[in-house]
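> Please see the structure below; I have some questions.
The values are calculated or read from the model by the stated rules, or taken from the named source; none is laboratory data. The shown structure was predicted, so the numbers you read here are calculated from the model rather than taken from an experiment. We place every Cβ from the backbone using ideal geometry, glycine too, and count neighbours over all the protein chains shown. Heavy atoms of the whole protein, side chains included, go into the accessibility calculation; ligands, DNA and RNA do not. Shrake-Rupley method; radii C 1.70, N 1.55, O 1.52, S 1.80 Å.
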Amino acid sequence: MATPRPHRAMKDETMRIGVLCSGGDSPGMNAAIRGATLRGVDVHGFEMVGFVDGWRGFHEGELVVLDRPAVRGLSGQGGVFIGTSRVPPFADGATGPGGPGEEELAGFRRKIAEYGIDAFLLIGGNGTQTVAEILHRLGIPVIGLPKTIDNDLSGTDYTFGFDTAVSVAAEAIDRLRTTGDSHRRCMVLEVMGRDAGWIALHSGMAGGAQAILVPEFPESIEQLCDWVTSVRDRGRSSMVVVAEGFVPAGGEHAVTRTGLDGFGRPRLGGVAEMLAPLIEERTGIETRATVLGHVQRGGAPTAFDRVLATRTGIAAADAALRGEWGTLAALRGDRIEMVPLAEAVGRLKTVPEDRYAEVRLNFG
Ligand code: F6P
């Protein structure tokens with residue numbers, strides 16, 4: 001991995017772009033930065049810098065130069081070499097209706113001037129792109145690059161990182177199946193995704209799960225146990241894939257771990273450990289839970305994510321040259337199109353009913 005080099009102040013008329021990552025890391029972020037840098041610096045003649053650990057680096061003045069040597073060999077590397085965090089740009093997160101106060105905004109603009117930044121490329125999911133849209137409305141030039149393993153960002157067909165997470169989860173399902181079959185156990189795998197069931201839906205389909213539980217469509221414990229029992233009755237062992245945000249019918253909220261994340265949201269996790277004993281108790285079938293956790297976010301991106309992220313970075317740099325501020329480099333079919341940030345933020349892209357109904361008919 002390239003070693004970040006400290007940023008030195010440079011002064012001329014060249015457009016200087018600050019790249020910043022926010023939220024959880026997502027496989028493909030390095031490839032996106034590489035794509036944007038190679039196009040932006042080598043082709044368009046921009047100067048580019050990366051803020052270390054997202055808004056933390058912005059607040060504390062920690063920047064690195066982005067150029068060809070800095071991004072060498074990065075497209076296949078997981079994580080993100082400049083770091084990411086959930087530190088907000090403004091004290092109140094700027095996501096409230098009023099955005100930042102006048103004094104805070106003035107301080108923010110002073111910092112931008114101090115760094116000599118003309119525009120931002122913001123790599124992130126929902127929270128980050130919401131902030132990007134607010135910055136755009138405040139007149140700060142910004143372009144969004146959509147990443148998140150959750151694939152829950154509206155305006156784009158897929159976010160980079162999702163395909164990798166699904167591949168890792170599908171491999172976990174394959175592995176859990178062989179041990180589950182050997183012991184005739186029901187295996188419950190919990191995957192990430194927060195309030196969207198995309199990772200569960202796609203990995204569950206890829207692995208031929210007998211039940212897939214997503215936050216969008218509650219199912220009762222009775223229904224789940226009926227599926228598991230019918231699988232046993234025809235001589236098989238059940239694989240149940242559950243999204244971390246799933247709430248059983250009649251339940252009140254998702255299972256959470258202690259503490260809040262950097263955006264102030266409860267940390268999700270543990271629903272598989274809640275379901276497994278219930279299934280075992282009600283069906284008499286030995287049941288085990290596995291929480292996949294951060295394994296699905298780490299490691300090398302798939303080829304699909306590398307290509308998508310690289311194309312996203314290239315499109316963002318091209319859009320900066322054209323001055324298309326306030327847009328998101330979105331995947332539409334097989335094209336990267338610049339869509340207004342306002343179209344992407346404010347509503348989650350969740351699993352639609354027809355996609356769930358398509359697989360549900362075959363559960364059990
Ligand atoms: O948004 C990406 C994501 O991986 C979610 O699926 C998950 O709930 C969350 O981040 C985990 O965050 P952290 O890394 O802070 O535990």
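> For the chain, what does the accessible surface come to per residue with a 1.4 Å probe? Please give it in Å².
41 Å²
> Given a 1.4 angstrom probe, I'd like the percentage of the accessible area of the stretch 205-364 that is carbon and sulfur, rounded to a whole number.
51 percent
> Report the trypsin sites (Lys or Arg not before Pro) located in the stretch 218-305 that are in a DSSP loop and have at most 15 other Cβ atoms inside 10 Å of their Cβ, or state none.
Here the sparse-neighbourhood loop sites are ARG234, ARG236.
> Let me ask another. For every other residue with a beta carbon closer than 12 angstrom to the beta carbon of ARG360, add +1 if it is Lys or Arg and -1 if Asp or Glu, then tell me the sum.
-4
> Where the only charges are on Cβ atoms (+1 Lys, Arg; -1 Asp, Glu), what is the dipole of the stretch 243-364 about its Cα centre, to the nearest 20 debye?
300 debye
> If you don't mind, another one. Run through the stretch 38-116 and list the trypsin sites (Lys or Arg not before Pro) located in a DSSP loop whose Cβ has at most 16 other Cβ atoms within 10 Å.
Of the trypsin sites (Lys or Arg not before Pro), the ones in loops of the stretch 38-116 whose Cβ has at most 16 other Cβ atoms within 10 Å are ARG72.
> Ok, one more. What is the Cα centroid distance between the stretch 62-77 and the stretch 333-364, reported in whole angstrom?
Result: 32 Å between the Cα centres.
> Also: Where does each of LEU348, LEU153, LEU268 land when they are ordered by accessible area, with a 1.4 Å probe and the largest first?
Greatest to least solvent exposure: LEU348, LEU268, LEU153.
> Also, quick follow-up: The stretch 235-323: which GluC sites (Glu not before Pro) are DSSP loop and have at most 11 other beta-carbon atoms within 10 angstrom?
Counting only loop positions with at most 11 other Cβ atoms within 10 Å, the GluC sites (Glu not before Pro) in the stretch 235-323 are GLU252.
> Right, something else. Would you work out which of ALA165, HIS183, LEU145 lies farthest towards the positive end of the dipole of the stretch 144-237? Charges go on Cβ: Lys and Arg +1, Asp and Glu -1.
HIS183
> Accessible surface of ASP233 in the full protein assembly, 1.4 angstrom probe, to the nearest 10 Å²?
110 Å²
> Once the dipole of the stretch 244-364 is set up with Lys and Arg at +1 and Asp and Glu at -1 on Cβ about the Cα centre, which of PRO340, ALA315, PHE246 lies farthest towards its positive end?
ALA315
> Separate question: Any chance you could look up the accessible area of THR256 with a 1.4 Å probe, heavy atoms only, rounded to 10 Å²?
Only protein atoms counted, so the area is about 70 Å².
> In whole Å, what is the distance between the alpha-carbon centres of the stretch 117-168 and the stretch 188-210?
Here the two parts' Cα centres lie 22 Å apart.
> What's the local net charge at THR178, with K and R +1, D and E -1, over the other residues with C-beta under 15 Å away?
With Lys, Arg at +1 and Asp, Glu at -1, the net is +3.
> Please give the net charge around GLY35, taking every other residue with its beta carbon less than 14 angstrom from that of GLY35, where Lys and Arg add +1 and Asp and Glu add -1.
Neighbour charge sum, excluding GLY35 itself: +3.
> Using the Cα centre of the chain as the reference point, and only Cβ charges (+1 on K/R, -1 on D/E), how large is the resulting charge dipole? Debye, rounded to the nearest 20.
So the magnitude is around 820 debye.
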